Structure formats: structure tokens, C-alpha cells
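What follows draws every value from the coordinates through simple rules; no lab data is involved. Computed from a prediction, not measured in an experiment: that's the story for all the values here. Don't worry about glycine lacking a Cβ; one is built from the backbone with ideal geometry, like all the others, and counts go over all protein chains shown.
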There are 2 protein chains.
Amino acid sequence: MIPNWLIQRAYLTPNKIALSFKNETWTFAQFKEQAVTRAQKLRANGFRQGDRIALLGPSTAEMVFIIHACMLADLEIVMLNSRLTNEELKYQLDDSDASALLVSDELNKRIKGTNVRILPFSSINKSEVVPFDIQDSWQADRTITIMYTSGTTGFPKGVRQTAGNHVSSALSSVLNLGLDENDVWLCTMPLFHISGFSILVRSVLYGMEVRLYEKFDASLVADEIQKGTVTRMSVVSHTLDKVMQELEKRDAIAHTTFKTMLAGGGPVPIDYLKRATELQIPILQTYGMTETSSQTATLSAADALRKMGSAGKPLFFNHIKINGIQNSGDKGEVYIRGPHVTPGYIGRFSDKTPLVDGWLPTGDIGYLDEEGYLYIVDRRSDLIISGGENIYPAEIENVLFAHPGIRDAGVCGQEHPDWGSVPIAFVVASDGVTEEELAAHCEGRLARYKMPKKFRFVDELPRNASNKLLRRELKLWVDSE
Amino acid sequence: MIPNWLIQRAYLTPNKIALSFKNETWTFAQFKEQAVTRAQKLRANGFRQGDRIALLGPSTAEMVFIIHACMLADLEIVMLNSRLTNEELKYQLDDSDASALLVSDELNKRIKGTNVRILPFSSINKSEVVPFDIQDSWQADRTITIMYTSGTTGFPKGVRQTAGNHVSSALSSVLNLGLDENDVWLCTMPLFHISGFSILVRSVLYGMEVRLYEKFDASLVADEIQKGTVTRMSVVSHTLDKVMQELEKRDAIAHTTFKTMLAGGGPVPIDYLKRATELQIPILQTYGMTETSSQTATLSAADALRKMGSAGKPLFFNHIKINGIQNSGDKGEVYIRGPHVTPGYIGRFSDKTPLVDGWLPTGDIGYLDEEGYLYIVDRRSDLIISGGENIYPAEIENVLFAHPGIRDAGVCGQEHPDWGSVPIAFVVASDGVTEEELAAHCEGRLARYKMPKKFRFVDELPRNASNKLLRRELKLWVDSE
């Protein structure tokens, strides 16, 4: 049994700041009041314990209140990515069998042609209040969130993240990062990703303020870091670079109280690490995924240069192994075990277990060095990480194949100075098919960040004898350009 | 599943200091080596996974290595109190059915007339090394330690403390106290009590140095606190006072890095709190017991004066209620629930469950104020807390009743400026029985700290109609003296 996070936190430290957004702040007591009222309004809309709803909204205080209201009302939350197209969102609404979509008024217009019940935030807030008994504890295996992530097939899978998963993740993290009563975590990561959502969880577990931004703004972030109004932040390389540029422009450094820049989505370039050292920004590189409810391994700032390119060591409650490998340095598939690993999926993948003998195969290829530091050498399913968003080539290929003029298609990533990597499409097409036509076809079917940045027309794609696409060959084509 | 504490910690932070004792220090890698070697030597002595042994030794580095060796060898450890008499120790050896007693050479002579196999530390260290597969993970319900505590009957009960109990306690504590990578916890509390043992657990979970002292020495402790070589410490009021006296004598204050003085064993007097404020020592008063594997509630330093006499609020993963009481301020028995609560006892009490509907009745009487702060107004079973040691009147009465000249006996506590409280015995005795005779009778049967400080000869004891001793009446007799 796990105490109801917000109820317990508001009891323990009612007067601490829980959240700040723009010029407003809320203590945990005020935060609880906001969330409880909305939970009671959700009840008025007929939702009951265990119902599953989908949630789509920007990173605002209102969104955070609604998230906590859903938890208080014992609803399972399908966190929808606001960058997705209507088609992609409809797939997730359909697959998750959500009984309703709670959507911010500004994003409401994004959803078209679905039969699911739609409830804009303004309607929720206009509802009556129906008091109900709020649970003081939760079962550890209760599903809190569901986040979709793709894989080899290109069909997004809805990953369950339980109360136990989230708690284990936050506790493992605190043993790694430490905790100070004055900590403030700056959140510019999307709340629909585990990188952002996990900050909300840490907040209620630690009694820590979240400083929330709707959008990443390098100048405002640099202000906070320079002045010491925040002590920790999560970034990807792209946003890290922007913040550092801003500080460099000002000839400023991070405030002495700034303790952790948690960098996910692949290794931070050595040049960035050196600049960060100059700026007195401690970079902690982390490796995690939706299936592990955030961090699974983290590289300490002290090891950043000594262990360049490493994802660090597992957090305290986790284990990492290279499957089938005994010797350090030998490469193989990275397997993860721990209380933070998802118990499984919902929807069309609900009967597939993600675990093999208690271990999660990540699909990533890596090795452990002689000291036990993890290095990822090849991403799962040729994953393309672009500005912190995961892009699975198969998902783009599926869309291309749906075009009548496409006879074959293959996608891989190309390095990009700003985004880390961007998708490039190779196609075998009928005569007369143009790049513009393919771009138009993809629009509406693929979120903007997944859109191929180039279409290359070729005569044939590299496939092996069993017709499997050799994406590594494609990568060589790209690199030779 | 919980990672094997020391193995995981030595993997994650091999070069951090784990332990310092006198002029020696050990990193976690060195610490692990010491413990593994001793575990292999224990194997050579025939111990196998799941065996239960008893352990008796002073607070030395060797003792800490043996404790961890027992955990690595998957042994259940009955932690014996070195202040107990031979008779009291024999009861616990017998009740626990320990397959052996591991004992420091200096304490070996304390044990007489038992059939249990005795293995002095020097013999263990002379043994061969028998390598074995050390588990990388433990079941959460694995019993790590067993500590004896008395109760209403006066017969000590062996309380099981599982891996899950200890981990929950350490994690709840870190969310309350915070964690810094430079933390060092000064340990002068006995390791056989949960107050001391829990520091060892925090050390391996947090990757934190323990600065260990065999005996409490006010002058040395004051040095550490003044110089900032330690950041946290556990005390009882008695030792707190001595440390403060020492600092006051020097006209010194605590170093700015000193963060937590965790004070257990009953409320800290207001005079002490005021002196601590002057000395810049943050006092966090805590309420806990053997059955809750250390802290269950803690009062923050900021609340110390505003909530004088309170034990604070529960730690994050715990719940506290006053049984049967709805209104704040109303008194009743304190009930505790959480993952830190023991699953039960061993030995003669093994078939008694400590829980009622999932809650642990503490026997203590208290109330929660309107903000949810816990106040203990009357201790369980008229518990006498003397210098941090729990003394149960029934245990002393049982010994007195064994004297042929005693017709009735009753014990209660008397306030004492140094120890908080000391036991006073009221006896109805045959003619000719003297105080000296009773003292001689108790010696050898009762640990020194349990010895009645006075024997009062009376004609009759206050008993109610059902012959139950009215200890509250005794208390009035004492107070009126």
C-alpha cells in the first residue's frame, strides 16, 4: 500500500510551495484544494474508480491540477502527446478504449472524427461538485498513467505505469541525486512524456516545488539558473545547448545552488560537457524510457568526462545486464530489472508481456565496462531521437507504404546539429511521384517532428535474403551524402 | 525484490567512504571486501541461508563487518543488547532458538551456562574462506534482524525486522530529512537497538559515511559537530544535554553544515530546545519503536518550539491514527500502519500477530492536534525510558516476585535530571527483607539500567477490584515524595 500522494503530502507539508506557474504559486494545501475540487467535478461527470480517460493539454497549472484530480478520482490517465496528428491521437484513443477525452479548450479543435466523449477543461470546471471518499492509500499495482511508445512494428503500444513504478523511480532518483528542502525542479519537459510527468511525481513525494513552464524559453530558463531560483532541471541536448548559449551570451554562470541538470535522450556531446563545466552546470546524463518510468541509469557529473558517452550506472533499486554476456566490454542487448519496470501494456498489446524472466529487454545494444558503467552503442529498433522525442522508423515507413505510388520505403536518422537526429526517407516510387506529394501525404498522418526531412528516390532498398530492410546500410548512404 | 544492499552500494559508489572508526576509514569497496571475507568464513563454519544466529558485540568496525557478513550469508541476526545480564541473554538465546552466538572476544566471558554454540569473532576470523554465490537481490519479506522488546507481560518478544521494513524506514526518513552527498552520520547509539542499526541501513542505501564510536564521548562528539566533520546524529535527551554542555563550555556552536540532531526516546525538554537554538543545532524529535524499524513520526526543527511536546507527523509512507477517535484533540491508543511495521514475532510469541486490521496498536496513548501533529501523553505499558533504553515495569516485577520474601511488587518511573526517568520499586515484603538483599537478588537478573534505583517497603499496593496493579497510583506516590 502506498499513501495517496497528494493527500499525504498536503497533510505533511501544507505550507510548502508545490507549484509555480507564471506569476502564481500554490502551496501543497492550496494545490490539494484545486485538485480535490476538480476530482469532485469529474465525479459529477459520471467517472468512477478505475475508469480510464485520455488527457490532452499543454503544460499549465490547470493541466497539473487535472492530472492530480484524475489520480484522486482513481482514474487511469492515458497521457496524449500534443504534438501528434489527429490520426495518431485517434489511434491511441481507440486502442486505449478511453471512456472520455479530457482536453484543454485550446487543443479541443485538434480532435476530429472520433466517437469518444470529449470533455473540455472548461466544462469540467463548470460542473457541479460531487463529494466522495478519497482513498488514503493506493495499491502499488494500481495503474496511474499510460503512455504510448512505438517499437519495431511501428504500432504504438500503451505502456502501463503503476503507482509502484512511479514511486520506485522517484525513490531511486533521490538516492542518486540527493534532496534538499529548498529544491525547486524546473519543468519545461512535456508532461505527457515520462521525463516531465516524473517531475510531478517527485514533487508530491519529496515535498518539492515544481517551477512549470508551458514552453521552453532559453532566456527565461537562463534567468532562473543564473539567479538560483531553481536547483534542478531536466533537459535534452538540444535545450541544454540553448540554455548554455544564453548564459554564454550574458557571460554568466549557474548560481551555486543549482545542483542537477538531468540530461536524457542520448549522450551529451563532449563539447557541451566542457561548456557546462565552464558554466558550473553539473550535467547528469540519464538513460531511461517510458517502460521504466523515467531514469534507469544515471551518470554522475563527476564521471561525465572520465566516462564520456556512458549512461552511467543503474539507480539503487535497479539492475542492468547485457543479455547472455559475461565479460565486461562485450556488446549485447541491454536488459533491465527493477520495481520501476512496467508490468505491461493495454489495448492491442495487452496480452504481450514486456518481460523475459523478470527482465525488460530494451532492444538497445550496449555494454558494461569493467567498472560496471553502461554504454549504449545502438538504439533499439534504429530509434531516432530528435529533440528528445522518440521516432521509430517503422512508424514512418507504415505511413509511406499507404501511398499508392510507393513500392518500397525505408527510414533512418541523420545527425542534426540542433535536434540530435532527424528522419530521412528512402523510397522506391512509381514514375511521377514527387517529394511534395509525399510530404503532403505524411502531413496529418505524422506528427511534425516525425516528418521525414528529406525524401530520396532510389531504385532499390538494401534488403537481405529474407527481405529484411538493412537500415544500417541506409545509414551508410546518409552518412556518405 | 530488493537489491543486496552492500553489493549494490559497493557497485554504485565503490570509492565513497562507508565507515570511519577511530583513525581508520573504509570505502564501500573495502567495506564490501571485509564483509564478503567474513561471510565466506561464516560459511566455513557451517552456516547456511536462512539460519538464525545471535550476535553480541560492542560498536566497533569489526562488529559492523560481521553484521554485514551475516546479511551477505543470508543469516537472520538476533541483535543482543550488551547491557543485559547473563540470565536475560540466555532467555533471548533460548527463545530465538539461535543456532549459534557470534560474540566479540571481550564480551565472550559474559555468557555462561548455555548450550548454544559460541563462536567468538577471533575464531570466525581464523576460519577458512569458503566462497559461495552471494544473492544479488533479496525478497522484501526476508528477516534481516530480530530485536527483543518487552511489553505488558514482562516477557521480551523477538521482533522481526524485514528487508522491506528497513528499506521503507530509510526511504521514509530520506524524504523527511533530505540527503546530501557529503552527509556523514555520527553513530554513538547502540547497534543492537534500532536507533543505531538503522544508521547502518541508511549508510548502504544512501551511500553515506557512518562515523562510528564505540562509546558516547561528549567531548569528541562536540569536536565533530563544531568542526563539521559530521552532518547528522541520533541522540536521546541525555546525550544531547551532554553534547550541548560541552559546546557551551567552549562557547562554540555547531558547524553550518550540521543539519540534523535526531532525538528519540521521548520529548526533548523545552530548555534543551532553546539551548539547541542558541547552539544552531537543528533538533528533530522522533517517535519510533523496535516494531516500526526506527522513526515512524518526526517533528521538524522549524516546528520544535511551536509544537512543544509533539512527536511530529508520520513519515511519508506511514499512517498514524488514534484508534476509535474522530475528533482531533481526543485521546486514545496510537495505531500505526505502513511498510515499516514488523510482520510479527519469533519464539514464544510467534503465533501472536502484532496487527489489528493492518494497524499496529502501540499501547501508547496520544492524540492528533487539529493540524495532525501527534502528541504522546502516556507511554505504553507504563514504559520507563531511561537514557534511551526502554524499561518495562512488568519485567522488573517478575524478577522481584521470584524472591521468596516478596509478597507483592510494583514498579514505576521517577523523573531523573540525567536519564529522563529511572525505575522505582514498591514492595510488600516479609519481615527482615532488606533493600540490600533485594538489590543483590536483582543483580545478575536485571541489566544495570533496569535496576530499581530505590526500594520502598509498603503495607499494600494499589490494586483495583480485579487485582490489577494501578501503576498510575504508584506514580502519584513517587511524585509526592
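Please tell me the relative contact order of chain B in percent, rounded to the nearest whole number, where contacts are Cα pairs under 8 Å and at least six residues apart.
12
Can you give the three extents of the C-alpha atoms in region A:1-77 along their principal axes, from longest to shortest, in whole Å?
32, 31, 20
If you average the alpha carbon positions of region A:1-77 and of region B:46-79, how far apart do those two centres end up, in angstrom?
Region A:1-77 and region B:46-79 have Cα centres separated by 46 Å.
For peptide B:3-15, what's the mean number of Cβ atoms from other chains within 10 Å of each residue's Cβ?
Mean number of neighbouring Cβ atoms from other chains: 3.
Can you pull out the trypsin sites (Lys or Arg not before Pro) in region A:25-108 that DSSP calls coil and that have at most 16 other Cβ atoms within 10 Å?
Filter output for region A:25-108: A:R48, A:R83.
Find how many whole Å separate the alpha carbon centroid of region B:141-169 from the alpha carbon centroid of region A:220-258.
So the two Cα centres are separated by 48 Å.
Can you figure out the FRET efficiency of B:K249 with A:T277, using R₀ = 51 Å and their beta-carbon distance, to the nearest 0.05?
0.65
Apply 1/(1 + (r/R0)^6) to the Cβ-Cβ distance of B:E443 and A:T257, taking R0 = 60 Å, and write down the FRET efficiency to the nearest 0.05.
0.55
What are the aspartates and glutamates whose alpha-carbon lies under 17 Å from the alpha-carbon of A:K331, with same-chain residues fewer than 8 places away excluded?
A:D364, A:D369, A:E370, A:E371, A:D378, A:D382
What average number of partner chain Cβ atoms lie no more than 10 Å from the Cβ of the residues making up B:457-468?
Averaged over the peptide's residues, the number is 0.
Compute the distribution of all C-alpha to C-alpha distances in region B:168-378, in bins of 5 Å from 0, and list the percent of pairs in each, rounded to whole numbers.
1, 7, 15, 19, 19, 16, 11, 7, 4, 1, 0, 0
7 Å from Cα along Cα→Cβ at both A:D94 and A:F132: what's the point-to-point distance in nm?
Those two pseudo-labels are separated by 2.9 nm.
Per residue of region B:453-465, what does 6.51 cos²θ - 1.76 cosθ + 1.60 with θ = phi - 60° give for ³J(HN,Hα)? Whole Hz please, x for Gly and Pro, Karplus curve as stated.
Ordered by residue, 3J(HN,Hα) equals 7, 9, 10, 10, 8, 10, 7, 7, 9, x, 10, 8, 4 Hz.
From the helices alone, meaning DSSP H stretches of at least four residues, give me the mean residue ellipticity at 222 nm for chain B, per-run term -39500 (n - 2.57), in deg cm²/dmol to the nearest 500.
Helix contribution divided over all residues of chain B: -9000 deg cm²/dmol.
Which distances, shortest first and in nm, link B:D351 to the matching position in the other copies, using label points set 7 Å out along Cα to C-beta?
4.8
Taking the label point 7 Å from Cα in the Cβ direction, how far apart in nm is A:E128 from each other copy of itself, listed shortest first?
8.0
Could you please report the charge total around B:S203, scoring K, R as +1 and D, E as -1 over all other residues with beta-carbon less than 12 angstrom from its beta-carbon? Write down the numbers at each step before the final one.
Working: positive: B:R9, B:K16, B:R202, B:R211, B:R232; negative: B:D183, B:E209.
Local net charge: +3.
I'd like the Karplus ³J(HN,Hα) series for region B:425-442: coefficients 6.51, -1.76, 1.60, θ = phi - 60°, whole numbers in Hz, and an x wherever there's a Gly or Pro.
Once θ is set to phi - 60°, the couplings for region B:425-442 become 10, 10, 10, 9, 10, 5, 4, x, 6, 10, 4, 4, 4, 5, 4, 5, 5, 6 Hz.
Measuring label to label, 7 Å along Cα→Cβ, what does A:N327 give against each other copy in nm, shortest first?
Relative to the other copies, A:N327 has label-point distances of 7.7 nm.
Return the equivalent ellipsoid semi-axes of chain B as a descending list in whole Å, where each equals the square root of 5 times an eigenvalue of the C-alpha gyration tensor.
Largest first, chain B gives 34, 29, 22 Å.
Principal axis lengths of region B:385-479 from Cα atoms, whole Å, largest first?
34, 31, 19
Given the Cα atoms of region A:2-138, and with Rh set as the inverse mean 1/r over their pairs in the Kirkwood sense, what is Rg to Rh to two decimals?
Ratio value, two decimals: 0.97.
Are any of the pairs A:K16/A:K259; A:K157/A:K475; A:K32/B:K274; B:K274/B:K453; A:K41/B:K313; B:K249/B:K274 more than 24 Å apart by Cα-Cα distance, and if so, which?
Details: A:K16/A:K259 20 Å; A:K157/A:K475 26 Å; A:K32/B:K274 34 Å; B:K274/B:K453 30 Å; A:K41/B:K313 30 Å; B:K249/B:K274 16 Å.
From the list (A:K16/A:K259; A:K157/A:K475; A:K32/B:K274; B:K274/B:K453; A:K41/B:K313; B:K249/B:K274), the Cα-Cα distance tops 24 Å for A:K157/A:K475; A:K32/B:K274; B:K274/B:K453; A:K41/B:K313.
So which trypsin sites (Lys or Arg not before Pro) in region A:386-481 end up in coil per DSSP with only 16 or fewer other C-beta atoms within 10 Å?
A:K453, A:K468
At each listed q (0.06 Å⁻¹), what is the log10 of I(q)/I(0) that the Debye formula gives for the protein assembly as shown modelled as equal alpha-carbon point scatterers?
For the protein assembly as shown at q = 0.06 Å⁻¹, log10 I(q)/I(0) is -0.49.
Evaluate the distance, in nm, between pseudo-label points positioned 7 Å from the Cα of A:R456 and of A:I365 along their respective Cα→Cβ axes.
1.9
Apply the Karplus parameterisation 6.51 cos²θ - 1.76 cosθ + 1.60, with θ equal to phi minus 60°, to every residue of region B:292-300 and state each ³J(HN,Hα) to the nearest whole Hz, in sequence, with x for glycine and proline.
Here the 3J(HN,Hα) series is 10, 6, 5, 2, 10, 9, 8, 9, 5 Hz.
Compute, for region A:209-345, the length of the dipole vector about the Cα centre, with Cβ point charges of +1 (Lys, Arg) and -1 (Asp, Glu) only. Units Debye, rounded to 20.
I would put it at about 340 debye.
Counting other Cβ atoms within 10 Å, which trypsin sites (Lys or Arg not before Pro) in region B:265-311 have at most 14 and lie in a DSSP loop?
Answer by residue number: B:R306.
How large is the charge dipole for the protein assembly as shown, taken about the Cα centre, if only the Cβ atoms of Lys, Arg (+1) and Asp, Glu (-1) carry charge, to the nearest 20 debye?
500
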